[in-house]
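Below is a structure I'd like to ask you about.
The values are calculated or read from the model by the stated rules, or taken from the named source; none is laboratory data. Fair warning: this is a prediction, and the values are worked out from it, not measured in the lab. Backbone-built Cβ (ideal geometry, glycine too); neighbour counts: all protein chains shown.
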């Protein structure tokens, strides 16, 4: 389906995803936003309806080359494995994510304008909070995918991404990328203003909106990038008042352990899962990407399930689709037909973009960074208690001595952070979050490329490689926005 761009930020009349977008039914819905109910309905479009996982997971070190002729070699998957730019607007690409993020931002801005224009009263305040959080989240994702990672030790004056705070009223406007520092400042402003306004009872289905827990989890992630570790602890702790994280983590070694493979596909992304804090429905083929040449395979699967610092194995589930193709059983496709009798339609993947599991590990990292080793170990052991089959705190407890022996370091801080990053790498396999740790810690990435005869070469993405910044869509130059250097 052809998409008409009203501006570089892709307010679409007709979406390639087939979803109802912000301007699909009328040239300008802002004139119709004359009630709190309509604002609330619009905000369902304030979340990026494109999937970032395919291109950031395939760029990371959580994937492998299974060899020539083994698996699908679609451009969507092949390009990020080689760290090549892809300007296609197909689903699951950087350009699609850029466009859908600015569509989401446009919806948030239109809602905020309506709230500021009309006298809706206190009834609109929770939706103002949601709009601010949604706007902050979309910009946060964009700046970390398309700009240099924030580093509190520097001025962060490298190009950011345009921070949009007003609805667009021209066909092709001129915009500035600002700096990473200015974008982070704007994100923080929206975050801190919006979070106190959030009210869970405002939503019919809470997990698809910024609830109090989701907002705090996002704040914890934001401050982790800023390395403001006291704030990470503050907001992460607010996700689970009373420090009852053990009751809301994914139950890998209990309930999940009883599920069949088909049941795992269904339940992992269910809104009823306590660990899920924010779900986004994305127009994506990721759920059907089970046999790619470049992706999760036998080598990585073996690494995930090897013995870890606890001395035991993770109680995860995986399945193979003809070796060496494996799946972690996380993604279930939803297919929407173009009409009731049609044989064609659009695939969707529901993505848990914020979870209690990530939040707990983020807090553990913050404790470790501040030298609060006992608290860091407590969080790591809470996490492990839901991952190790027949977990015993006596036998399987993570200790500084075990960490030193397993990771070969006598520095407790370095060892604890290595443990957190290792746990996250395995926990979020096929979810893309490993890429953000690669960015934050400026880790190099190596990919093997196999030839028909079994020989291979290794390509490397260096710690400061400019290709760690995904390329902005080519159409941004029409509005005076420079692309990333190559």
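Are any of the residues in segment 85-96 in contact with a helix residue (DSSP H, G or I) (Cβ under 7 Å, 6 or more places away or on another chain), part of a helix (DSSP H, G or I) and farther than 26 Å from residue 38 by Cα?
yes
A further question on this structure: Kindly establish whether residue 59 is modelled with pLDDT under 95 and either farther than 22 Å from residue 192 by Cα or out of contact with any helix residue (DSSP H, G or I) (no Cβ under 9 Å at 6 or more places or on another chain) (or both).
On the way: modelled with pLDDT under 95: no; either farther than 22 Å from residue 192 by Cα or out of contact with any helix residue (DSSP H, G or I) (no Cβ under 9 Å at 6 or more places or on another chain) (or both): yes.
Against the criterion (modelled with pLDDT under 95 and either farther than 22 Å from residue 192 by Cα or out of contact with any helix residue (DSSP H, G or I) (no Cβ under 9 Å at 6 or more places or on another chain) (or both)), residue 59 does not qualify.
Here's another thing I want to ask about it. Could you list all residues from segment 464-486 that are touching a helix residue (DSSP H, G or I) at 6+ places or on another chain (Cβ under 7 Å), surrounded by 13 or more Cβ atoms within 10 Å (Cβ to Cβ) and more than 20 Å from residue 90 (Cα to Cα)?
Answer for segment 464-486, where residues must be touching a helix residue (DSSP H, G or I) at 6+ places or on another chain (Cβ under 7 Å), surrounded by 13 or more Cβ atoms within 10 Å (Cβ to Cβ) and more than 20 Å from residue 90 (Cα to Cα): 468, 484.
Of all residues in segment 439-466 being outside any loop (DSSP other than H, G, I, E, B) and out of contact with any strand residue (DSSP E or B) (no Cβ under 6 Å at 6 or more places or on another chain), which is farthest from residue 86 (Cα to Cα)?
Once the filter is applied, the top-ranked residue is 440.
Among the numbered criteria (1) assigned to a loop (DSSP other than H, G, I, E, B); (2) modelled with pLDDT of 95 or more; (3) surrounded by fewer than 21 Cβ atoms within 10 Å (Cβ to Cβ); (4) over 19 Å from the mean Cα position of the chain (by Cα), which single criterion is violated by residue 343?
(2)
Which is within 30 Å of residue 310 (Cα to Cα) and touching a residue at least 40 places away in the same chain (Cβ under 8 Å), of 451, 376? Break it down into steps so the answer makes sense when it comes.
Details: 451 fails: within 30 Å of residue 310 (Cα to Cα).
Of the residues listed, the single one that is within 30 Å of residue 310 (Cα to Cα) and touching a residue at least 40 places away in the same chain (Cβ under 8 Å) is 376.
Restricting attention to segment 365-385, does a residue exist that is assigned to a loop (DSSP other than H, G, I, E, B), over 24 Å from the mean Cα position of the chain (by Cα) and closer than 27 Å to residue 351 by Cβ?
As a first pass, look at segment 365-385 and keep what is assigned to a loop (DSSP other than H, G, I, E, B): 370-372, 385.
This time we only want the ones that are over 24 Å from the mean Cα position of the chain (by Cα), so: 370-372, 385.
Those still in the list that are closer than 27 Å to residue 351 by Cβ too: 385.
Within segment 365-385 (the criterion being assigned to a loop (DSSP other than H, G, I, E, B), over 24 Å from the mean Cα position of the chain (by Cα) and closer than 27 Å to residue 351 by Cβ), the answer is yes, since at least one residue qualifies.
Just the residues that are in a helix (DSSP H, G or I) and over 28 Å from residue 222 (Cα atoms), please, taken from segment 401-421.
To start, the set of residues in segment 401-421 that are in a helix (DSSP H, G or I) comprises 401-407, 412-421.
Residues satisfying the conditions are 401, 402, 404, 405, 406.
Determine whether segment 163-172 contains at least one residue that is under 18 Å from residue 47 (Cα atoms) and within 20 Å of the chain's Cα centre (by Cα). Can you show your working first?
Step one: of segment 163-172, the residues under 18 Å from residue 47 (Cα atoms) are 163-168.
Applying the additional criterion that residues be within 20 Å of the chain's Cα centre (by Cα) yields 163.
Yes; the residues of segment 163-172 include at least one that is under 18 Å from residue 47 (Cα atoms) and within 20 Å of the chain's Cα centre (by Cα).
Continuing with the same structure: When residue 135 is evaluated against the numbered criteria (1) over 18 Å from residue 353 (Cβ atoms); (2) in contact (Cβ under 8 Å) with a residue 60 or more places away in the chain; (3) assigned to a helix (DSSP H, G or I), which criterion, by number, is the only one it fails?
(1)
Between a residue in segment 471-485 that is without any contact (Cβ under 8 Å) to a residue 12 or more places away in the chain and any residue that is in a loop (DSSP other than H, G, I, E, B) and surrounded by 14 or more Cβ atoms within 10 Å (Cβ to Cβ), which pairs come within a Cβ distance under 7 Å, given they are 6 or more apart or on different chains?
Listed by first residue and then by second, the contacts come to 477/483.
May I ask you to say which residue of 351, 336 is within 28 Å of residue 65 (Cα to Cα), in a strand (DSSP E or B) and touching a strand residue (DSSP E or B) at 6+ places or on another chain (Cβ under 7 Å)?
Numbers: 336 fails: within 28 Å of residue 65 (Cα to Cα).
Of the residues listed, the single one that is within 28 Å of residue 65 (Cα to Cα), in a strand (DSSP E or B) and touching a strand residue (DSSP E or B) at 6+ places or on another chain (Cβ under 7 Å) is 351.
Another question, then. Can you work out which of the residues in segment 66-83 that are over 23 Å from residue 444 (Cβ atoms) and in a loop (DSSP other than H, G, I, E, B) is nearest to the chain's Cα centre (by Cα)?
Of segment 66-83, the ones over 23 Å from residue 444 (Cβ atoms) are 67-76.
If we keep only those that are in a loop (DSSP other than H, G, I, E, B) as well, we get 67-71, 73-74.
Values: 67: 28, 68: 30, 69: 30, 70: 28, 71: 25, 73: 24, 74: 22 Å.
Taking the candidates together, the pick is 74.
Then there is this: Being over 25 Å from residue 225 (Cα atoms), surrounded by 15 or more Cβ atoms within 10 Å (Cβ to Cβ), in contact (Cβ under 8 Å) with a residue 40 or more places away in the chain and out of contact with any strand residue (DSSP E or B) (no Cβ under 8 Å at 6 or more places or on another chain) is the filter here; which residues of segment 391-427 pass it?
391, 397, 398, 402, 406
Would you check which residues across segment 253-268 are touching a residue at least 40 places away in the same chain (Cβ under 8 Å), touching a helix residue (DSSP H, G or I) at 6+ places or on another chain (Cβ under 9 Å) and either assigned to a helix (DSSP H, G or I) or surrounded by fewer than 20 Cβ atoms within 10 Å (Cβ to Cβ) (or both) and list them? Don't jump to the end; show me each part of the working.
So in segment 253-268, the residues touching a residue at least 40 places away in the same chain (Cβ under 8 Å) come out as 253-254, 256-257, 259, 261, 264-266, 268.
Among the residues that remain, those that are also touching a helix residue (DSSP H, G or I) at 6+ places or on another chain (Cβ under 9 Å) are: 256, 259, 264-265, 268.
Residues satisfying the conditions are 256, 259, 264, 265.
Determine which member of the set 84, 132, 125 is surrounded by 19 or more Cβ atoms within 10 Å (Cβ to Cβ) and more than 20 Å from residue 283 (Cβ to Cβ). Give the derivation first.
Values: 84 fails: surrounded by 19 or more Cβ atoms within 10 Å (Cβ to Cβ); 125 fails: surrounded by 19 or more Cβ atoms within 10 Å (Cβ to Cβ).
The unique qualifying residue is 132.
A follow-up question, please. Out of all the residues in segment 274-309, which are assigned to a loop (DSSP other than H, G, I, E, B), more than 15 Å from residue 57 (Cα to Cα) and either within 16 Å of the chain's Cα centre (by Cα) or without any contact (Cβ under 8 Å) to a residue 24 or more places away in the chain (or both)? Lay out the reasoning, then the answer.
Kept after step one, since they are assigned to a loop (DSSP other than H, G, I, E, B), are these residues of segment 274-309: 274-275, 284-285, 289-291, 293, 296, 305-309.
Those left that are additionally more than 15 Å from residue 57 (Cα to Cα): 274-275, 305-309.
Those that are assigned to a loop (DSSP other than H, G, I, E, B), more than 15 Å from residue 57 (Cα to Cα) and either within 16 Å of the chain's Cα centre (by Cα) or without any contact (Cβ under 8 Å) to a residue 24 or more places away in the chain (or both): 275, 305, 306, 307.
In segment 305-326, what residues are over 24 Å from residue 390 (Cα atoms) and surrounded by 18 or more Cβ atoms within 10 Å (Cβ to Cβ)?
Initially, segment 305-326 is screened for residues over 24 Å from residue 390 (Cα atoms), giving 320-326.
Once the filter is applied, which keeps residues that are over 24 Å from residue 390 (Cα atoms) and surrounded by 18 or more Cβ atoms within 10 Å (Cβ to Cβ), segment 305-326 yields 324, 325, 326.
Another question, if that's okay. Which of the residues spanning segment 310-333 are over 20 Å from residue 250 (Cβ atoms), assigned to a strand (DSSP E or B) and either out of contact with any strand residue (DSSP E or B) (no Cβ under 9 Å at 6 or more places or on another chain) or touching a residue at least 40 places away in the same chain (Cβ under 8 Å) (or both)?
Pass one, segment 310-333, residues over 20 Å from residue 250 (Cβ atoms): 311, 320-325, 333.
Applying the additional criterion that residues be assigned to a strand (DSSP E or B) yields 320, 325, 333.
Answer for segment 310-333, where residues must be over 20 Å from residue 250 (Cβ atoms), assigned to a strand (DSSP E or B) and either out of contact with any strand residue (DSSP E or B) (no Cβ under 9 Å at 6 or more places or on another chain) or touching a residue at least 40 places away in the same chain (Cβ under 8 Å) (or both): 325, 333.
Name every residue in segment 428-451 that is farther than 17 Å from residue 57 by Cβ and surrounded by 16 or more Cβ atoms within 10 Å (Cβ to Cβ), in order of residue number.
Passing the criteria: only 450.
Mind telling me which of the residues 239, 232, 266 ends up being modelled with pLDDT under 95 and under 23 Å from the mean Cα position of the chain (by Cα)? Walk me through it before giving the result.
Numbers: 239 fails: modelled with pLDDT under 95; 232 fails: modelled with pLDDT under 95.
The unique qualifying residue is 266.
For segment 101-110, does any single residue satisfy the condition of being touching a strand residue (DSSP E or B) at 6+ places or on another chain (Cβ under 8 Å), crowded, with 19+ Cβ neighbours inside 10 Å, within 21 Å of residue 474 (Cβ to Cβ) and modelled with pLDDT of 95 or more? Can you show your working first?
The first filter runs over segment 101-110 and keeps only residues touching a strand residue (DSSP E or B) at 6+ places or on another chain (Cβ under 8 Å), leaving 103.
Pick out the ones that are also crowded, with 19+ Cβ neighbours inside 10 Å and you get 103.
Next, only the ones that are within 21 Å of residue 474 (Cβ to Cβ) stay: 103.
From what is left, the residues that are modelled with pLDDT of 95 or more are 103.
Checked against the condition, which is being touching a strand residue (DSSP E or B) at 6+ places or on another chain (Cβ under 8 Å), crowded, with 19+ Cβ neighbours inside 10 Å, within 21 Å of residue 474 (Cβ to Cβ) and modelled with pLDDT of 95 or more, segment 101-110 yields at least one hit.
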